[in-house]
Amino acid sequence: MLEIIFLLVAFIGSCLASIYDLKTTEIPDEIPYVMMGIGIIGNLIQSYLAWSYWPILLSGIVGLSFLGVGFLMYFMGQWGGGDAKILSGIGFLLPQLPPQFQVSLFFPFPISYFFNVFFVGAVYMILYALGMSIINKRIWTVFLSDLRANSRVIFIMNSALIAALLFSGILFTRYYQSFPVIDMLSFGIMIALAFSGLFMLWKFVKTVEDVGFKKKIPISQLKVGDVPVDYKIWEGITEKELKKIKSSKKNYIWIKEGVRFAPAFPMALLFTLIVGDGILWMLGLIS
């Protein structure tokens, strides 16, 4: 019964964090702290009832590990502090798969969920970027212009890649095992297309970041929580910093926004409970 309560708290808490993140770009500290507290206290109760230190030990290991990885992402400038705390809260609450769920997992539940956060998060970020491009038409203008400017480079790199793969395949065929040249050529073209797709996806996401997530505003419009573009960590300015900036002689400042990543946590949780390991699921679709 306690496992279901932990699951509900993890899902509802991460959903509340998502709502705040989408509306305000900020996650109140109270939400992850309550999640952590319920996880620690609840697993202490689990340990007492089972007369085993394992539930609380596992909760602490997973929760603190998630917190460490989350803050690594924070110091790398990829996540906000709230994202790191939400991930940790889910770790303290759900150090293992609730026994009521029989989904087949190749990895232990925390590892599967951790990978799924990035797997589901990647899909979510692409959809988020596409949504931004619909709202801000300038993104497509800049993106297509950038592709045209780099079309010659893309063609040369793909041609070189196909030639290198074909040459390697011919050498392999000569000394080891025979393969039809047409198959080697088809493989080279597939790799080149995949390379082009990844390159264009990277260019698109970079354009969304540069055009959609960065803007120049008057100093008078700057507010607490805004993130200047030169900040390496994703932390909004404080009241003290705001007063200091406004007292300077600057008229404008560049600020940055980012993908509101919090919705990836409840989505990844549902995905893990229903589907299982995202990477293995993708491999199953390909094969």
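Brief remarks follow.
- Each part gets one Cα centre, and for region 208-269 versus region 40-60 those centres are 41 Å apart.
- Qualifying chymotrypsin sites (Phe, Trp or Tyr not before Pro) in region 28-137, DSSP loop, other Cβ atoms within 10 Å at most 13: 51, 53, 106
- Sequence-separation-based contact order of the chain, relative, with Cα cut under 8 Å and 6+ spacing, percent: 25
- Of all the options 62, 227, 123, the one that moves most in a Gaussian network model of the chain with Cα springs shorter than 10 angstrom is 123.
- When the Gaussian network model of the chain links Cα atoms closer than 10 Å, the mean-square fluctuations of 257, 241, 209 top out at 241.
- Dipole of the chain, positive end: most advanced residue of 264, 62, 5 [Cβ charges, Cα centre]: 264
- ³J(HN,Hα) computed for each position of region 6-16 - Karplus, 6.51 cos²θ - 1.76 cosθ + 1.60, integer Hz, glycine/proline x: 4, 5, 5, 5, 4, 6, 5, x, 5, 5, 4
- A cut-off under 15 angstrom between Cβ atoms defines the neighbours of residue 126, and their net charge, with Lys, Arg +1 and Asp, Glu -1, is +2.
- Calculated mean projected area of the Cα convex hull in nm² (choose from (1) 14.9; (2) 20.5; (3) 18.7), label: (2)
- Total charge dipole magnitude, the chain, about the Cα centre, Cβ charges on Lys, Arg, Asp, Glu only, Debye to nearest 20: 1320
- Whole-Hz ³J(HN,Hα) from phi, Karplus 6.51 cos²θ - 1.76 cosθ + 1.60, for region 117-125, glycine and proline x: 4, 6, 5, 5, x, 5, 5, 4, 5
- Taking θ as phi - 60° and the Karplus parameters 6.51, -1.76 and 1.60, the scalar couplings of region 141-154 work out to 4, 5, 4, 5, 5, 5, 5, 4, 5, 9, 4, 5, 5, 4 Hz in sequence order, x denoting glycine and proline.
Each value in this text was obtained by applying a stated rule to the coordinates, not by laboratory testing. The shown structure was predicted, so the numbers you read here are calculated from the model rather than taken from an experiment. Virtual Cβ from ideal backbone geometry, glycine too; neighbours counted across all protein chains shown.
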